[in-house]
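Report on the structure given below.
What follows is calculated from the coordinates using simple rules that are stated; it is not laboratory data. Just so it is clear, the model here is predicted, and its values are computed rather than measured. Every residue, glycine among them, receives a Cβ derived from its backbone with ideal geometry; neighbour counts consider all protein chains shown.
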Amino acid sequence: MRRATRPGLAALCAALGLWIAAATLAYVPPADRVARAVADANRVRGRTHALAIRVSLRGEGDAVLGSGTLLSDPGGAARLEVRHASGFVERQLRRGRSLEASRDGAPLADPVPLLPPLFLLQTEQGATLQTRIAELGGSPDAIALGHEGDHDCYVLGGKNASASYWVDQETLAPVRIDLEGGVRYRLGPPRAQGGIELPAWIALEAPGRPALRMAIDEARAEAPGPDAFEPGWLTR
């Protein structure tokens with residue numbers, strides 16, 4: 001009898017061990033707890049101020065397509081001005097879900113969404129991060145687990161929402177931002193410049209659009225002017 005029961009007991013113990021391991025791996029902390037931790041990381045990494053970021057736009061074969069300046073404000077607004085290699089100047093303005101653009105001062109109806117909502121990386125409070133996710137179309141209280149490249153991620157906003165923010169489970173580094181319409185920004189490895197840590201690059205993926213990469217060449221804290229994010233800037 002003893003010999004007959006030992007294999008069954010061993011199998012039961014093994015199954016129990018696997019169940020415990022699976023339950024541990026599948027544990028998802030509450031969204032507000034992760035959001036607070038991400039906001040704490042934003043402060044530690046020096047990016048909770050308004051930022052002026054010098055960027056270069058690169059296409060296939062790493063060819064430089066243009067260069068310009070991106071301003072991003074923790075208050076939930078960002079703007080980008082790029083002088084393209086072919087000579088025209090494109091401006092984009094993002095406030096929440098709204099993305100507006102112009103080319104040489106004329107409104108652009110269907111722009112390539114070059115400008116990511118970098119203000120997600122700048123929030124100083126967890127509740128503010130959840131509010132920003134909601135403004136982009138995500139569910140502020142939703143969280144899931146996801147895998148992106150080499151990263152095991154927390155997905156704030158939920159995988160099936162219009163917007164989500166992916167951060168590495170261990171380092172809380174930003175990894176990916178998904179927006180409505182299948183727009184996806186993959187964020188490169190972190191790089192610190194002058195006490196400000198940002199992704200080294202941001203890769204754009206969008207249906208029907210060319211794959212583009214925006215290299216972050218330099219960043220500094222800079223307070224924008226009072227009208228920096230007004231729509232009139234697009235056509236001035």
The stretch 179-236-the stretch 35-77 distance, computed between alpha-carbon centres (Å): 5
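If you stretched the chain out fully between residue 28 and residue 152, how much longer would it get, using 0.36 nm times the residue separation minus the C-alpha to C-alpha distance? Let's see the in-between values first.
Details: separation 124, 0.36 × 124 = 44.64 nm, distance 1.21 nm.
Going from the current span to full extension adds 43.4 nm.
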Value of relative contact order over the chain, rounded to a whole percent, pairs C-alpha under 8 Å and six or more apart: 20
Segments 68-80, 86-98, 36-48, 216-228 sorted - mean Cβ within 10 Å per residue, highest first: 68-80, 36-48, 86-98, 216-228
Karplus-derived 3J(HN,Hα), 6.51/-1.76/1.60, for each residue of the stretch 171-184, Hz, glycine and proline x: 9, 6, 5, x, 10, 6, 10, 10, 10, 4, x, x, 6, 9
Virtual paramagnetic centre 7 Å along Cα→Cβ of residue 64, amide N under 16 Å, in the stretch 201-216: 213-216
Simple spin-label estimate for residue 162 and residue 110 in nanometres, 7 Å along Cα-Cβ: 2.0
Note, ³J(HN,Hα) from phi for the stretch 59-64, Karplus 6.51, -1.76, 1.60, rounded to Hz, x at Gly and Pro: x, 4, x, 6, 5, 6
The chain, dipole about Cα centre (Lys/Arg Cβ +1, Asp/Glu Cβ -1), debye to the nearest 20: 680
Sequence-distant residues sharing a close amide H with residue 191 (under 5 Å, placed H): 198, 200
FRET efficiency, residue 218 to residue 171 (Cβ-Cβ, R0 25 Å, nearest 0.05): 0.60
DSSP H segments from the chain that extend 24 Å or more along their own axis, Cα-based, with Kyte-Doolittle mean of 0.5 or above: 2-25
Alpha-carbon gyration tensor eigenvalues x 5, square-rooted, for the chain, Å: 41, 19, 16
